[in-house]
Amino acid sequence: MRRATELLAAFTPDRSALSLTQLAQRTGLPLTTAHRLLGVLVDCGLLERDEDGMFHVGLRLWEIASLAPRGLGLREVALPFMEDLYAVTHENVQLAIRDGLESVFVERIAGRTAVPVLTRVGGRFPLHPTGIGRVLLAHAPAEIQEKVLAAPLQAFTPLTVTDPAALRRILGDVKAHGYAINDRQVTMDSLSVAAPIHGPNGDVVAAVSIVVLAGTALPAALAPMVQAAARGISRSLRAERK
């Protein structure tokens, strides 16, 4: 099972098609072992093999992953509020949860004219540079915050905050104000505003954000809309629990 999981984990957004040799090299498995396990994964529909002999993630794996409880119920509840936010702004609207030291994006709505973003549905991203990640980090347990602050903080732009002390102050402001504003922290043309989503027990289970072209909107005008969407999703999650 572990070796089969390693084969599945070898696929990345920039390498979505891999050969037998590439998969063996990436996992360190002998060719014969990799070939045998890949055959099983293809038979199960978790992987697919095209006419050129390249392996791809199979639809069956996507079907199974879509049933993950942390994403499935949340997406269904959040989508109407995300759609409302998109209808008003026609900008990127994103939904993410925290998994360990990273954010995982479980839904996104984007318009054709919206500013491009580096995130994708199902993709992971560091917590420190994004608005949605900072909201999740600000409400994470203290040990999670300390692990993130103790690790090297990657700079995505010249403006990305990489000083642990500065980030700690920002996280305090995020928690105090109830939203995060990130100006050109991931790309030099984007600004995001994010707010926390609370679960039935009151803990923060996710966050929602809007990403716009930097300089085209006032964050103070976006924040109330994002917070309203987050509160609506939170109320619906509590209603679902009853």
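Computed from Cα positions, the angle between helix 31-43 and the longest principal axis of the chain comes to roughly 70 degrees. Hey, what angle do you get for helix 164-177 against the long axis of the chain, alpha-carbon based, 0 to 90 degrees rounded to 10? The angle comes out at about 60 degrees. About its Cα centre, how strong a charge dipole does segment 118-242 have in debye, to the nearest 20, once Lys and Arg get +1 and Asp and Glu get -1 at the Cβ? Here the size comes out at about 380 debye.
Sorted by packing (mean other beta-carbon atoms within 10 Å per residue), highest first, where do 15-23, 102-110 land? Could the numbers behind the result be given before it?
On the way: 15-23: 14.8, 102-110: 20.1.
Packing order, densest peptide first, comes out as 102-110, 15-23.
Each stretch of four or more DSSP H residues adds -39500 (n - 2.57); spread over every residue of the chain, this sum gives -14500 deg cm²/dmol at 222 nm. Here the contact order of segment 16-66, divided by its residue count and restricted to Cα pairs under 8 Å and six or more residues apart, works out to 34 percent.
What ranking do 119-127, 206-214 get when scored by the average of other Cβ atoms within 10 Å per residue, highest first? Spell out each step's value before the answer.
Working: 119-127: 17.6, 206-214: 25.3.
By packing density, highest mean first, the sequence is 206-214, 119-127.
Considering Cα pairs under 8 angstrom that are at least six residues apart, work out the relative contact order of the chain and quote it in whole percent.
15
Roughly how many percent of the accessible protein surface of the chain is carbon and sulfur, given a 1.4 Å probe and a whole-percent answer? The computed percentage sits at 56.
If you average over every viewing direction, what projected area does the convex hull of the Cα atoms of the chain give, in nm²? Intermediate results must be reported in sequence, preceding the final value.
Details: hull surface 60.0 nm².
Mean projected area of the Cα convex hull: 15.0 nm².
Backbone phi angles across segment 220-225, fed through the Karplus curve with coefficients 6.51, -1.76 and 1.60 (θ = phi - 60°), yield HN-Hα couplings of 5, 7, 7, 4, x, 5 Hz in residue order; Gly and Pro are listed as x.
Using a probe radius of 1.4 Å on heavy atoms only, what accessible surface per residue do you get for the chain? Whole Å² is fine. All intermediate terms of the calculation are to be shown ahead of the outcome.
Working: 12740 Å² over 242 residues.
Here the per-residue accessible area is 53 Å².
With the charge dipole of the chain set up from +1 on Lys and Arg Cβ and -1 on Asp and Glu Cβ about the Cα centre, the Cα lying farthest toward the positive end among the listed residues Gln154, Ser234, Gln94 is that of Ser234.
Around the amide H of Thr160, modelled in the peptide plane, lies no amide H under 5 Å away from a residue 5 or more places distant or on another chain.
The values are calculated or read from the model by the stated rules, or taken from the named source; none is laboratory data. Computed from a prediction, not measured in an experiment: that's the story for all the values here. Counting neighbours? That spans all protein chains shown, and the Cβs are built from the backbone with ideal geometry, glycine included. Side chains are part of the model used for accessible areas, which takes the heavy atoms of the whole protein and leaves out ligands, DNA and RNA. Shrake-Rupley method; radii C 1.70, N 1.55, O 1.52, S 1.80 Å.
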